[in-house]
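**Q** Supplied in structure tokens, the structure appears directly below.
Here, each number is a calculation from the coordinates, and none is a lab measurement. Not measured: the values here are computed from a predicted model. FYI the Cβ positions are ideal-geometry reconstructions off the backbone, even for glycines, and counts take in every protein chain you see.
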Amino acid sequence: MSIVGRLLAVIAAVFLLATACGGDTGDDVRVLTPSGTATASGSSTSGSDPERPTPNPTTPPTPAERADVAPTAEPIPEQNGNDIDTQPEPSLVLTPVVSLPDPIALVARPGTGSGRGDLYVATRAGMVWLLSADDDEPPEMVLDIGELTTITNCEDGLLGVAFSPDGSSLYVHYTDLSGRNQIVEYPMSGHRVQGDQGRVVLSVDQPFCNHNGGHIAFGPDGYLWLGFGDGGGANDQFGHGQNLDSLLATIVRIDPEPDDEADYAVPAGNPFAAGGARPEIWAYGARNPWRFSFDRTTGDLWIADVGQNDWEEIHVLRAADGWAPGANLGWPLYEGNERFSGSATPDDLVFPVHVYGHDLGCSVTGGHVYRGSAIAHLAGAYVFGDYCAGRLWALTIDDQGMDARVELEISVPQVTLVSFGEDASGEIYVLSFDDTVYRLELAS
């Protein structure tokens, strides 16, 4: 039985029991801190926003140090009943694929190779590397925008990359030398990026250096989706979370093709295209959406939003509901499911489908719904992790909205789990600031 089947069976059993009883460059830099609000030990803060410690790339945490940040995950509830498969799932491993300094994003170029496709890996210092689909050549650097961005002890640098649906253009999302978010389009020539032909699509000013967001992806609708944080600091101090006149703290949807008057167009179906807010906004009330992804089977949009004091959260905007246009993810009115500030409860609030506390980690790293073929028991589960703890989990949501999280019992060093990627065949990759790109696989 797959992990989805097991989890649904467990959920059903727990629900029935409850019914019966009544009852969060340089090659030596390792600093990206998607939250910037909690210590690596997972302790919460109160109104402050300290930087996370910078791990030493040559001195990985000791087992004892890992134990301080990565306590044992909640066990799967005991199961009663002969119809529930209690056999352990096959073990998983993280197989190193390539070593690159601070890998931060991985995408497959459409229409390339067979199986996994050509993979392009972005590093935080501003370089993009090609991993050939044939696995027979070393990585090749195909773009270097290092002179356009910089790395500080904050959350800047090259943050995200995405290919156009036909693979003819690469879009990059980075912070420039002034700290602004820049989304730039580069045409492709063969397998290389034409770095001298960049076209700025969108620029967004940032008042502070953290909470830049930075993710970028094309949706099943063919439009470009972008994630921006709330402007940094703590407690939404710049007031962007519920401000519909700002692109900060939002998920944006645009058509990146220029028209006669602008560098991009606003799709007519955007919720505020007719007025009432910035027309680019699709959803708002995000704190720092550190990775979102579309389920390649259902089209559902999964958004991991980094919390502040207590809770990390994951939202799902269902494709069947049109991705909930105008969804309010709640920040700073709510952190997770708990009131954070104010007293308003807007009608457009969309609460997370899953939260976890800072006893398990302190900064969620969003992943992908697994749709590959190599790991059958993960089919349909959302694979994600925590930056601070380095741990990986699988999450399922049933038709009644009940969530179940399973520890995958694999991890990377603390304060290094920065991103996930997906190849053309749906297999999942894990990017770590231990200078490694891993592939998630069954143990041999």
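**Q** If amide hydrogens are placed 1.01 Å from N in the peptide plane, which non-local residues have theirs closer than 5 Å to the one on Glu422?
**A** Ala108, Tyr429
**Q** What residues qualify as long-range amide H neighbours of Val369, i.e. H under 5 Å apart, gap of 5 or more or another chain, H built at 1.01 Å from N?
**A** Val383
**Q** How would the range 184-287 be classified by its alpha-carbon gyration tensor: rounded, prolate or oblate, with rounded meaning a/c under 1.5 and the a/b versus b/c comparison settling the rest? Show your work: numbers first, answer last.
**A** On the way: a/c = 2.19, a/b = 1.40, b/c = 1.56.
Verdict is oblate for the range 184-287.
**Q** Let me ask you something else. So what's the net charge close to Asn328: Lys and Arg +1, Asp and Glu -1, counting the other residues with Cβ under 10 Å from its Cβ? Show your work: numbers first, answer last.
**A** Values: positive: none; negative: Asp347, Asp348.
Local net charge: -2.
**Q** Apply the Karplus parameterisation 6.51 cos²θ - 1.76 cosθ + 1.60, with θ equal to phi minus 60°, to every residue of the range 310-327 and state each ³J(HN,Hα) to the nearest whole Hz, in sequence, with x for glycine and proline.
**A** 10, 10, 9, 9, 10, 10, 10, 9, 6, 4, 5, 9, x, 6, 6, x, x, 4
**Q** A further question follows. Work through the residues other than Gly299 whose Cβ is under 13 Å from its Cβ and net out their charges, Lys, Arg +1 and Asp, Glu -1. Working shown, then result.
**A** Values: positive: Arg296, Arg318, Arg371; negative: Asp221, Asp295, Asp300, Asp321.
Residues near Gly299 contribute -1 overall.
**Q** Considering only the other residues whose Cβ falls under 9 Å of the Cβ of Leu130, what net charge follows from Lys and Arg at +1 and Asp and Glu at -1? Show your work: numbers first, answer last.
**A** Working: positive: Arg109, Arg192; negative: Asp118, Glu137, Glu140.
So the surrounding residues net to -1.
**Q** Could you tell me the ratio Rg/Rh of the range 109-184? Both radii from Cα atoms, Rh via Kirkwood.
**A** On the way: Rg = 13.5 Å, Rh = 13.2 Å.
Rounded to two decimals, Rg over Rh is 1.02.
**Q** Using the Karplus equation 6.51 cos²θ - 1.76 cosθ + 1.60 (θ = phi - 60°), what ³J(HN,Hα) coupling, rounded to whole Hz, does each residue of the range 217-226 give in order, writing x for Gly and Pro?
**A** Once θ is set to phi - 60°, the couplings for the range 217-226 become 7, 8, x, x, 7, x, 9, 8, 10, 9 Hz.
**Q** Could you give the dipole magnitude of the range 142-260 about its Cα centre, charging the beta-carbon of Lys and Arg +1 and that of Asp and Glu -1, in debye to the nearest 20? Can you show the working numbers first?
**A** Values: 4 positive and 17 negative charges, 52 e Å.
For the range 142-260, the charge dipole is close to 260 debye.
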